[in-house]
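Throughout, read-outs are computed from the coordinates displayed, never taken from laboratory work. As the structure is a computational prediction, the values presented were derived from the model and not from experiment. No Cβ is skipped: glycine too gets one built from the backbone with ideal geometry, and neighbour counts run over all protein chains shown.
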């Protein structure tokens, strides 16, 4: 088991959106965004099955998963690899529901919770940081500006900024 440092835990809790990759029964990849992703403890991530029938089905057959959590403005984040357990009832299920409830979530639609025992954690860093002395604040400002003005652009104009 990998240990999730306090900094990694804080990052996941702040971002809250993770992209969960699973393997479908026919072997094809499946990636699904999960807005309920959070930290359960120093070794485990968790997300709720609200409308995730394919993800839950895939993990029941093959528990291996990878989850990417990325700050869209900084273009940095983490990749987590591990094994998932789907809980429909029991102590872990109720513990997670109570955690979500304490955070203000409406838990009535949660069908199951998926606990991911994290085996590996790796940083994700955009190649934009490799082009020289680029500061996070500059990257954040450029992407925030991009998103502010994106609706005013045509499809041709929707190319990420490259003046870093």
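Taking the C-alpha atoms only, the angle from helix 6-15 to the longest principal axis of the chain is near 80 degrees. Computed from Cα positions, the angle between helix 136-149 and the longest principal axis of the chain comes to roughly 90 degrees. Hey, what's the Kirkwood Rh for the chain if you take every pair of different alpha carbons, in angstrom? Here the Kirkwood hydrodynamic radius works out to 17.3 Å.
Calculated mean residue ellipticity at 222 nm for the chain: -8500 deg cm²/dmol, from DSSP H runs with n ≥ 4 weighted as -39500 (n - 2.57), summed, divided by the residue count and rounded to 500. Distance from the C-alpha centroid of the range 7-64 to that of the range 77-106: 10 Å, rounded to the whole angstrom. Pairing the Cα long axis of helix 91-102 with the longest principal axis of the chain, what angle in degrees results, from 0 to 90 and rounded to the nearest 10? So the helix axis and the longest Cα principal axis differ by about 50 degrees.
Length available on full extension from residue 129 to residue 17: 0.36 nm per residue minus the Cα-Cα distance, which gives 38.1 nm.
Exposure proxy shown here: for 95, 76, 34, 61, the number of other Cβ atoms within 10 Å sets the order, fewest to most, as 61, 95, 76, 34.
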